[in-house]
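The values are calculated or read from the model by the stated rules, or taken from the named source; none is laboratory data. Nothing here was measured: the structure is a model prediction, and the numbers come from that model. Every residue, glycine as well, gets a Cβ built from its backbone with ideal geometry; the counts of neighbours run over all protein chains shown. Ligands, DNA and RNA are excluded from the accessible area calculation, which covers all protein heavy atoms including side chains. Shrake-Rupley method; radii C 1.70, N 1.55, O 1.52, S 1.80 Å.
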Amino acid sequence: MLTRQQKRREAREAAKRADRREFLTAGLALHQAGRLSEAAEHYEHVLDREPRNAEALNLLGVIWHQRGDQQRAIDLLNEALRCRPDAVIYHVNLGSALAAAGNAGWAVRNFRRAVALGPASAMAHRNLGSLVDGGAGRSAAASFGRAASLDAKDAVARLGRAHALKRWDPPAAIASCRAALAIDPSLAEARFLLAALEGEAPTRPPAAYVRGLFDKYATEFDRHLIDKLGYATPALLAEMLRELLPPKRDMDILDLGCGTGLSGLALSAYEGRLTGIDLSPAMLAQARSRGIYAELIEGDIMEALAHQPPGRFDLAMASDVLNYFGDLAGVFAAVGRTLKHRGLFACSTEASAAPGYTLHDGLRYAHHPDYVKEVAAAAGFGPLAQRPAILRRQGAAEVAGELFVFARQEAAPGN
């Protein structure tokens, strides 16, 4: 039989547990509403009182993952797993943070562990599918298929399966795209992939798809492009420009699709005011940290260009940007309007042997060089330089492209 003192002690402990549960519940509601700072304060309140509260450690780790601080997220999630090593969702969350930090091998191990602990977890199978075989092989398709069979409403798993199947079983990929769209007709990426697989070519990808794509990889974008894909397009374009336009001061320079600022760094020989435009806020945060841009504009390139004064810029560069546009007429006209007379436009395209432009299964556009020159001429540009280049590696293959430098000779028609 408990003594009165023991009963009081148990009552105090029960009250403390209730308080912690209340803070966790309130923090989770704030977290789901996107109020990350307030949610983090609630989780930290719990940890101040119970440093080994596994759920608070897990949720705080998820917040740091969302904020882009993957090392802090990994540390917290590892601590959560030390408290509860059999928690499926903790392994999934740790795998996601490891993947975002570029540790794909360790991420796969955690996803596999999640699947072993929770074979009925659709989320665990879906996350494994996103990384195993690079998300593009038979094992990936099997993982996505398992996730889809476990969750009849999981459109993302069906889209992932379509991506995994697209190169070696296009009919099955098409069926999987259609299944995803039957669940979620607003899934822009599925509609875009379906168009590519069926041989259609929309003039542009959905903005939400492009924004999400680059937001996801912002923190590891530079390392992945340079170390794994051999990406050197900004440097190659900058070299072409220096041959035509010696470095000089007081220039207004436009970096279209500036991303994390790799192209801005390549243009550092030209002193002046550098303006960057990009659709992805996560990419712009990385570019801002470099301290090289006088102005950074978040938004769609076409909309952002429409708000620039005519004849503002001396030089514009679009490195690895035009492959996210099919029809280039609008881009050249918009860039031409913002350039001074004889202003230069340096750009890269993925090369295509087919006339005009094509949308390939990588969900990027390739353009025939003659088409690029025709569109440029119609917008009032004259050619200054052109050369073939290997833009990057894609798996074991090299991606062939063309580099151009054009000069604005006259106002684009209608301007």
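Annotations for the structure displayed:
- Breaking point among (1) in contact with a strand residue (DSSP E or B) (Cβ under 9 Å, 6 or more places away or on another chain); (2) exposed (fewer than 14 other Cβ atoms within 10 Å of the Cβ), for Ala269: (1)
- In region 297-304, the condition of being among the β-branched types (Val, Ile, Thr), surrounded by fewer than 22 Cβ atoms within 10 Å (Cβ to Cβ), modelled with pLDDT of 90 or more and outside any helix (DSSP H, G or I) is met by at least one residue.
- Of the residues making up region 90-120, those that are touching a residue at least 12 places away in the same chain (Cβ under 8 Å), under 28 Å from the mean Cα position of the chain (by Cα) and open to solvent by less than 70 Å² (accessible area, probe 1.4 Å) number 20.
- Any hit, region 312-328, residues being part of a helix (DSSP H, G or I) and open to solvent by 50 Å² or more (accessible area, probe 1.4 Å): no
- Of all residues in region 232-266 being of a type in the set (D, E, K, R) and over 22 Å from the mean Cα position of the chain (by Cα), the one that is surrounded by the fewest Cβ atoms within 10 Å (Cβ to Cβ): Arg249
- Glu79 being closer than 23 Å to Val92 by Cβ and modelled with pLDDT of 95 or more: yes
- Meets criteria (in a helix (DSSP H, G or I), without any contact (Cβ under 8 Å) to a residue 40 or more places away in the chain and under 21 Å from Leu131 (Cα atoms)) for Ala56: no
- Test: residue in region 209-231 that is open to solvent by 50 Å² or more (accessible area, probe 1.4 Å), at pLDDT 85 or above and in a helix (DSSP H, G or I): no
- Note on region 146-190: residues that are open to solvent by less than 40 Å² (accessible area, probe 1.4 Å) and touching a His at 6+ places or on another chain (Cβ under 7 Å) total 1.
- Residues in region 74-86 include none that are of a type in the set (Gly, Ala, Ser), assigned to a helix (DSSP H, G or I), closer than 28 Å to Leu159 by Cα and in contact (Cβ under 8 Å) with a residue 12 or more places away in the chain.
- Test for Ser149: is it within 23 Å of Arg364 (Cα to Cα) and modelled with pLDDT of 95 or more: no
- Total residues in region 191-203, condition surrounded by fewer than 17 Cβ atoms within 10 Å (Cβ to Cβ) and under 16 Å from Ala366 (Cβ atoms): 6
- Test: residue in region 175-195 that is modelled with pLDDT under 85 and of a type in the set (D, E, K, R): no
- Residue in region 263-274 that is within 19 Å of Leu237 (Cβ to Cβ), part of a strand (DSSP E or B), among the hydrophobic types (A, V, I, L, M, F, W, C) and modelled with pLDDT of 90 or more present: yes
- The one condition in (1) open to solvent by 20 Å² or more (accessible area, probe 1.4 Å); (2) closer than 19 Å to Ser37 by Cα; (3) more than 21 Å from the chain's Cα centre (by Cα) that His65 fails to fulfil: (3)
- Hits in region 329-367 (condition: crowded, with 19+ Cβ neighbours inside 10 Å and among the acidic types (Asp, Glu)): Glu350
- Residues in region 151-169 include none that are more than 23 Å from Pro205 (Cβ to Cβ) and part of a helix (DSSP H, G or I).
- Check on Gly134, more than 30 Å from Gly199 (Cα to Cα), open to solvent by 10 Å² or more (accessible area, probe 1.4 Å) and either modelled with pLDDT under 95 or not small (Gly, Ala, Ser) (or both): no
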